[in-house]
1. Within region 44-79, count every residue that is of a type in the set (A, V, I, L, M) and in contact (Cβ under 8 Å) with a residue 60 or more places away in the chain.
2. Checking residue 50 against (1) at pLDDT below 95; (2) exposed (fewer than 14 other Cβ atoms within 10 Å of the Cβ); (3) over 17 Å from residue 123 (Cβ atoms); (4) out of contact with any helix residue (DSSP H, G or I) (no Cβ under 9 Å at 6 or more places or on another chain), which single condition isn't satisfied?
3. Checking the condition on the phi < 0 side of the Ramachandran plot and crowded, with 18+ Cβ neighbours inside 10 Å, which residue from 100, 109, 70 passes?
4. Can you tell me which condition residue 21 does not meet? The list is (1) surrounded by 15 or more Cβ atoms within 10 Å (Cβ to Cβ); (2) closer than 20 Å to residue 157 by Cβ, and all the others hold.
5. Any residue at all in region 99-120 that is at pLDDT below 90, over 25 Å from residue 56 (Cβ atoms) and among the hydroxyl-bearing types (Ser, Thr, Tyr)?
Amino acid sequence: MSLPGFAAFDTAAGRCAVAWSAESALTGVRLPGRDDARAWPGIEEREPPPAVAAVIGRIRALLDGAADDLADVELDEAGVPDFHRRVYAVARSIGPGRTLTYGEVARALGEPGAAQAVGQALGRNPFPIVVPCHRVLAAGGASGGFSAPGGTATKLRLLALEGRPELAGTLPLFDA
């Protein structure tokens, strides 16, 4: 057991942060462009426990272009609605460089009319990168939304890092 906390760290894309529970499961991930300290009020910045430090290393490598789906990273989904958990599980099954549409995720859940609800769940994803919401696109391959800093441009750049360069622009991964 460790104390809950958060740690900010530098990546090739900019400063990211993760928060964790006493069990060292992630409770949140922040991409560059967000204020880490205000992301998790009441939680102190700490040295991450070994399991979390390993995840940080994997996120750094991923944002540097390494292939890693992060699907085995333990998440603390306390307080996450059941439908969102189910959406996140489907998103975590999408391999790097692959995509599904919001409608395909809804059908995988057995709820074919729930594409908009899938989009809303992904828009509230507290674990971006680890729950790869960037791998879910709108119908017809359109980018759809992305709630991380940089919006859909960031989504497309993440996909380019994963081997889908035809989907990205030419700007840096995150805007400064």
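The values are calculated or read from the model by the stated rules, or taken from the named source; none is laboratory data. The shown structure was predicted, so the numbers you read here are calculated from the model rather than taken from an experiment. In this analysis, Cβ positions are derived from the backbone assuming ideal geometry, glycine residues included, and neighbour counts consider all displayed protein chains.
1. 6
2. (1)
3. Within the list 100, 109, 70, the selection yields 100.
4. In the conditions (1) surrounded by 15 or more Cβ atoms within 10 Å (Cβ to Cβ); (2) closer than 20 Å to residue 157 by Cβ, residue 21 misses (2) alone.
5. There is at least one residue in region 99-120 that is at pLDDT below 90, over 25 Å from residue 56 (Cβ atoms) and among the hydroxyl-bearing types (Ser, Thr, Tyr).
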